[in-house]
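The values are calculated or read from the model by the stated rules, or taken from the named source; none is laboratory data. It should be emphasised that the depicted structure is a prediction, and the values quoted were computed from it without experimental measurement. So basically every Cβ, Gly included, is an ideal-geometry build from the backbone, and we count neighbours across all protein chains shown.
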Amino acid sequence: MLKDDAGDGELLRQLERRMANGEIGRRGFLRLAGALGVQAALAVTLADRVAAASINPPARGIAAGYDYIVVGAGSAGSVVASRLAEDPARRVLLVEAGSGNIERPTLSSPFSWPANLGSDVDWCYKTVPQAHAQNRVFNYPRGKVVGGSSSINAMIWVWGHASDFDNWEKAGCTGWGFDQVKTVFQKIETCGRKAPAGTRGTQGPMHVGPMAVSSPMNEAFLEACKRQGLGVVPDINAPLQEGTGLMDLSVRDGKRFSVVHGYLLPGLKRDNLTLVTDARVDKLLFEGTRCVGVRLVINGQVRDVRAEQETIVSAGAIDSPRLLMLSGIGPAADLRSVGIAPLVDLPGVGQNLQDHVALPSFVAETWEKGVPGSRLDTHAFFRTDSSSPVIDAQALFIPGVLPPSTLKRDEGYTLWAGLVRPRSRGRVKLLSGEPGGPLHIDPAYLSDPTDLRALMQAAQWCRDIGNSAALASVRKRVHFQPPATRGELAEFVSRSIDSYWHPTSTCAMGVGELAVVSPSLQVRGVSQLRVADASIMPSITSANTNAPSIMIGEKAAQNLIGA
C-alpha cells in the first residue's frame, strides 16, 4: 500500500518495487505513474527499466510442461519465443543460460561495447592454437546474457548480399532465396534512414539507422574511396552492395536496441511466455527419436521439462552443436570417444565452422583530436580480385586509434580490413561428455590459402586509402601501415588477424550428407526438434551476422506457426 505522506519520489519508487514484485503490471504502473504527474515518455522508460531489471523470474515459476521450449534467449531465440507467444493458446518456455540483468552502461551505450568482451556477460570461449596464424589462441566472445551477442556486439546492421541467400537456395534450401528473405528483413526493422519506398522496413520491432552524430572525418574517407574507384552508396546495408557509405546500427535514442528491446520485453508482457535465466540445459530429452523436452540445471537442481509440440535450439554456433552432441546427435565416432552413446549419427554437427577475420591495416595521427563520442559508423565493401563476381572484403573506417599504435584513442584514425567470404572451414567438437565441459573450437583460420591472398589485397587497399590525398587534410603523420613486400605482408597478415566474432554454420541447413537441418530447420533423423540461429547458415553471409540471425528467428517462427 502506498503511503499518503510519502513524497512523489518515494511514491514512484514504491510503484517500481510493486511492479518488480509482480503486484502490478505494466499497464497499472503507467496508469498510476500518470496519476502522480509523471510524463508519459518517462513513465515508459521507467517501466522498461523495471522490466529489464526483473527479467529473471524465480525457478518455482516453471511448469512441468509447455507447448514449446526455446533454448537460448539470443538474437534468434528471443524472436522465436516472442512470435510463438503471440497466440495466447501456446505455452512457451524460453531458457537462457546467461544473466537476465541488462541494466549496466556497457550494455546500453553504443560507444562502450568493447568493455563487454571478456566480462561476466561473455562466455569467454577460446580457440585452439591456429596453425596458420602463428599458433595464436584467439578469444571467441559470445553473449552470456539475455539478447545473446546482440546485447554485447558492435550493433552493425547489415542484411547481407543478395547472392548469399540466392546461393543458399541454389544449394537446395528452398524458400531462403533473397526474394523470400527480403520481405522478412523488411518485417523485422523500422529503418531510420530515408530510403526509396519498398526497400526498407518501416514498422518492424527492430529500430535501426545511422548514428545521429557522425565523425567529420567520414567525408574524407568517402572521398578517398571514390578516388579509388569505389562509389558512395546512399544505403549500402540492405541489401549489402559494393561501395562505401554510412552504417546502419541497431541503436535508438542514442542507446543500444537489441532483441531484448525489440522482441523479448514486449513478449514478456504476455502471461503465456515464461523466461528463466541462469539455467543450463544439460541435454535434450528423447523418447525414441522424438524430442520431448529438456533437462535443466537451475541453482544446482536438475529439472526435466516437457515440450508437447517442439523444442527449438537457439544457443548459437558454439552451443547449439554442443547441445546436440551432448544429447547423442552428431558424429558417432566422436561421441563414443567421450562416452556418449549416439542416438543419431549426424556427421555434420559441429563441422563447417565459418567466421570472418579482420586486421588493423592503417593508423594515422590527425591534426585535431576526434569528435568526443564518435564511433565506427562508416564502412566499405569491395572485391580484392577484379575478376571476382562478388565482393569479398570489408573495410572499417574508425575515427579513433586502435592497437598496434600507441597513440591515444582520440588522436587519429584506423582502417581495418576484413574478409567477408572466407573459404576456410573449421569445427567444434566435445572434449568431454560432461555438460559444461571443455570444447575444441577450431575456426582453422587461413587454412585455405585463398583467404591469405584476399586479406593481403584488402590490407593493401586500406593502406592506399589511408595514405590517399583525400585524407591529407586530416592526416598529420602515419603511425602504422602494412609492409610493402609480399613475403613480409603474408607474415604480417598471419601475425595480425583477429576474429570478427561471427561464428556460423556448425549446424548447417541443406540437403546433402553433412546437412544438419532441413530447409524448415528440422534436425535430421529426429522429430519435434529444430535449430534456429546463425549455426544453420549453409555459408556465412558477406557482412556482420546479427541482422541475418534475427531473420533466421523470424523464418523459424513462420515455419512453426505456418505463417
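Overview of values
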| read-out | value |
| --- | --- |
| Yes/no for Val145 being in the same structural domain as Asp533 (by TED's automatic domain parsing) and surrounded by 22 or more Cβ atoms within 10 Å (Cβ to Cβ) | no |
| First in segment 493-505 and part of a loop (DSSP other than H, G, I, E, B), second anywhere and among the polar types (S, T, N, Q), Cβ under 6 Å, 6 or more apart | His502/Thr545; Ser505/Asn352; Ser505/Gln354 |
| Hits in segment 504-519 - residues which are of a type in the set (Ser, Thr, Tyr) and under 15 Å from Ser549 (Cα atoms) | Thr504, Ser505, Thr506 |
| Answer residue from segment 491-509, given it is hydrophobic (A, V, I, L, M, F, W, C) and out of contact with any helix residue (DSSP H, G or I) (no Cβ under 6 Å at 6 or more places or on another chain) and is farthest from Pro403 (Cα to Cα) among those | Ala508 |
| Segment 235-258: number of residues that are more than 19 Å from the chain's Cα centre (by Cα) and hydroxyl-bearing (Ser, Thr, Tyr) | 1 |
| Residues that are among the hydroxyl-bearing types (Ser, Thr, Tyr), under 17 Å from Pro321 (Cβ atoms) and under 20 Å from the mean Cα position of the chain (by Cα), drawn from segment 483-531 | Thr504, Ser505, Thr506 |
| Residues of segment 377-404 classified as within 14 Å of His161 (Cα to Cα) and buried (at least 17 other Cβ atoms within 10 Å of the Cβ), total | 8 |
| Unique residue being at pLDDT 95 or above and in contact with an Asp or Glu (Cβ under 6 Å, 6 or more places away or on another chain) when the list is Gln457, Gln528 | Gln528 |
| Condition check for Gln203: more than 19 Å from Gly267 (Cβ to Cβ), at pLDDT 95 or above and not acidic (Asp, Glu) | no |
| Members of segment 325-355 that are free of Cβ contacts under 8 Å to residues at least 12 places away in the same chain and surrounded by 20 or more Cβ atoms within 10 Å (Cβ to Cβ) | none |
| Flag for Ala444 being within 30 Å of Arg530 (Cβ to Cβ), of a type in the set (Gly, Ala, Ser) and either touching a residue at least 60 places away in the same chain (Cβ under 8 Å) or in a strand (DSSP E or B) (or both) | yes |
| Of the criteria (1) over 20 Å from His356 (Cα atoms); (2) hydrophobic (A, V, I, L, M, F, W, C); (3) not in a loop (DSSP other than H, G, I, E, B), which one Ala484 fails | (3) |
| Among residues of segment 110-127, those that are touching a strand residue (DSSP E or B) at 6+ places or on another chain (Cβ under 9 Å) and either within 21 Å of Arg427 (Cα to Cα) or surrounded by 15 or more Cβ atoms within 10 Å (Cβ to Cβ) (or both), counted | 11 |
| Single condition Ser361 does not satisfy, out of (1) touching a Ser or Thr at 6+ places or on another chain (Cβ under 9 Å); (2) surrounded by fewer than 24 Cβ atoms within 10 Å (Cβ to Cβ); (3) of a type in the set (Ser, Thr, Tyr) | (2) |
| Within segment 342-391, strands (runs of 3 or more DSSP E) holding 1 or more residues that are closer than 18 Å to Ile156 by Cβ and either in contact with a helix residue (DSSP H, G or I) (Cβ under 8 Å, 6 or more places away or on another chain) or outside the structural domain of Pro321 (by TED's automatic domain parsing) (or both) | 357-366, 378-382 |
| Index of the failed condition, His479 passing every other in (1) surrounded by fewer than 24 Cβ atoms within 10 Å (Cβ to Cβ); (2) of a type outside the set (Phe, Trp, Tyr); (3) at pLDDT 95 or above; (4) in the same structural domain as Pro449 (by TED's automatic domain parsing) | (3) |
| Test for Ala195: is it over 21 Å from Gln558 (Cα atoms), crowded, with 19+ Cβ neighbours inside 10 Å and over 20 Å from the mean Cα position of the chain (by Cα) | no |
| Gln186 being outside the structural domain of Ser374 (by TED's automatic domain parsing), in contact with a Lys or Arg (Cβ under 7 Å, 6 or more places away or on another chain) and closer than 21 Å to Pro548 by Cβ | yes |
| Test for Arg136: is it closer than 19 Å to Val313 by Cβ and modelled with pLDDT of 95 or more | no |
| Index of the failed condition, Asp385 passing every other in (1) under 18 Å from Ser496 (Cβ atoms); (2) at pLDDT 90 or above; (3) not hydroxyl-bearing (Ser, Thr, Tyr) | (1) |
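This table checks each residue for (1) under 26 Å from Asn544 (Cβ atoms); (2) buried (at least 18 other Cβ atoms within 10 Å of the Cβ); (3) touching a Cys at 6+ places or on another chain (Cβ under 9 Å); (4) not assigned by TED's automatic domain parsing to the domain that holds Gly316.
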{"residue": "Thr406", "(1), (2), (3), (4)": "no, no, no, yes"}
{"residue": "Asp410", "(1), (2), (3), (4)": "yes, no, no, yes"}
{"residue": "Trp416", "(1), (2), (3), (4)": "yes, yes, yes, yes"}
{"residue": "Pro422", "(1), (2), (3), (4)": "yes, yes, no, yes"}
{"residue": "Asp448", "(1), (2), (3), (4)": "yes, no, no, yes"}
{"residue": "Met456", "(1), (2), (3), (4)": "yes, yes, no, yes"}
{"residue": "Cys462", "(1), (2), (3), (4)": "yes, yes, no, yes"}
{"residue": "Ala470", "(1), (2), (3), (4)": "yes, yes, yes, yes"}
{"residue": "Ser473", "(1), (2), (3), (4)": "no, no, no, yes"}
